[in-house]
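K.L.:
What follows is a single structure, and I will ask about it in a moment.
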Amino acid sequence: MNDEEVIVEDYKVIERTVIATEGFFLAEYVGNGTNEKYASGTIDRSKLDFGFEQYQFKYLSDDYLDVVKFYHQNIISKIEQFKEMSADIPKGLFTKEHCNPLDSVPTLAGEIVVQSVDVLFPEYRNASNQIYLATAGNGYKGNARGSAVYAVNLYSGEHTRLERYDLIGILRKEHIPNWAKKTYETIRSQKNKEKER
């Protein structure tokens, strides 16, 4: 947690843990009323790009140890859930050493681009969240004014928007993993069928 003090409805947040877009907090009552002394709950971080988090109380009590137990049980439950979801995800990372520079081609059309892990939450820092097939956007060309690069994740197949300045390069062919090649071929096949219509 940063040094900035967080007060939520007269409860001062004394500890918090974040996992991706969700977090959990432990708080102590600092108001003048007769509220229960301790609280715990969740932090919705899905709107973090807009500059705010939403705190929601889940458990209040005068028993500090009960509240601490609730807080830690929620964290452990989220960790287990996250580990189960990511069990089959490739864990390696791609670096600049695996890439050619972005400006080595006039356009990113059809190129497999690599996103920097620095822009990812720690729990998402793996190869599956790094490599994408670039498809469109203002940042598609090196001399463009915009930075948006629309792309398809080569692990999940999901479409997303990346920023050109968050990309570390174009993945060299010898470093493309087999799972990415399969998705890449599927996308190419779909595009060819669309052209034939």
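K.L.:
Within the range 71-82, is there a residue that is farther than 21 Å from Ala20 by Cβ, modelled with pLDDT of 95 or more and touching a strand residue (DSSP E or B) at 6+ places or on another chain (Cβ under 8 Å)?
P.N.:
The answer is no, given that none of the residues of the range 71-82 is farther than 21 Å from Ala20 by Cβ, modelled with pLDDT of 95 or more and touching a strand residue (DSSP E or B) at 6+ places or on another chain (Cβ under 8 Å).
K.L.:
State whether the residues of the range 74-83 include one that is out of contact with any helix residue (DSSP H, G or I) (no Cβ under 8 Å at 6 or more places or on another chain) and part of a loop (DSSP other than H, G, I, E, B).
P.N.:
No: the range 74-83 contains no residue that is out of contact with any helix residue (DSSP H, G or I) (no Cβ under 8 Å at 6 or more places or on another chain) and part of a loop (DSSP other than H, G, I, E, B).
K.L.:
With within 11 Å of Phe24 (Cβ to Cβ) and in contact with a Leu (Cβ under 8 Å, 6 or more places away or on another chain) as the only criterion, which of Ser77, Ser40 stands out?
P.N.:
Ser40
K.L.:
Determine which member of the set Ile43, Ile7 is out of contact with any Cys (no Cβ under 8 Å at 6 or more places or on another chain), surrounded by 17 or more Cβ atoms within 10 Å (Cβ to Cβ) and at pLDDT below 95.
P.N.:
After ruling out the rest, the residue left standing is Ile43.
Matching residues to (1) assigned to a helix (DSSP H, G or I); (2) open to solvent by 60 Å² or more (accessible area, probe 1.4 Å); (3) within 30 Å of Thr17 (Cα to Cα); (4) free of Cβ contacts under 8 Å to residues at least 40 places away in the same chain:
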residue: Ala144; (1), (2), (3), (4): no, no, no, yes
residue: Val149; (1), (2), (3), (4): no, no, no, no
residue: Ile168; (1), (2), (3), (4): no, no, yes, no
residue: Glu174; (1), (2), (3), (4): yes, yes, no, yes
residue: Tyr184; (1), (2), (3), (4): yes, no, no, no
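K.L.:
Evaluate the following for Tyr155: is it in a loop (DSSP other than H, G, I, E, B), open to solvent by 30 Å² or more (accessible area, probe 1.4 Å) and of a type in the set (Phe, Trp, Tyr)?
P.N.:
Answer is yes for this residue.
K.L.:
Of these, Gly92, Gly110, Gly139, which one is touching a Lys or Arg at 6+ places or on another chain (Cβ under 9 Å) and open to solvent by 30 Å² or more (accessible area, probe 1.4 Å)?
P.N.:
Gly110
K.L.:
Okay, moving on. Among the residues in the range 153-161, are any modelled with pLDDT under 90, over 14 Å from the mean Cα position of the chain (by Cα) and closer than 23 Å to Gln81 by Cβ?
P.N.:
Yes: one or more hits.
K.L.:
Further question: Give the residues of the range 24-73 that are part of a helix (DSSP H, G or I) and within 20 Å of the chain's Cα centre (by Cα), sorted by residue number.
P.N.:
Leu48, Asp49, Phe50, listed by residue number.
The values are calculated or read from the model by the stated rules, or taken from the named source; none is laboratory data. Computed from a predicted structure; not experimentally measured. All Cβ positions, glycine included, derive from the backbone under ideal geometry; neighbour counts span all protein chains shown. Keep in mind that these areas ignore ligands, DNA and RNA; they rest on the heavy atoms of the full protein, side chains included. Shrake-Rupley method; radii C 1.70, N 1.55, O 1.52, S 1.80 Å.
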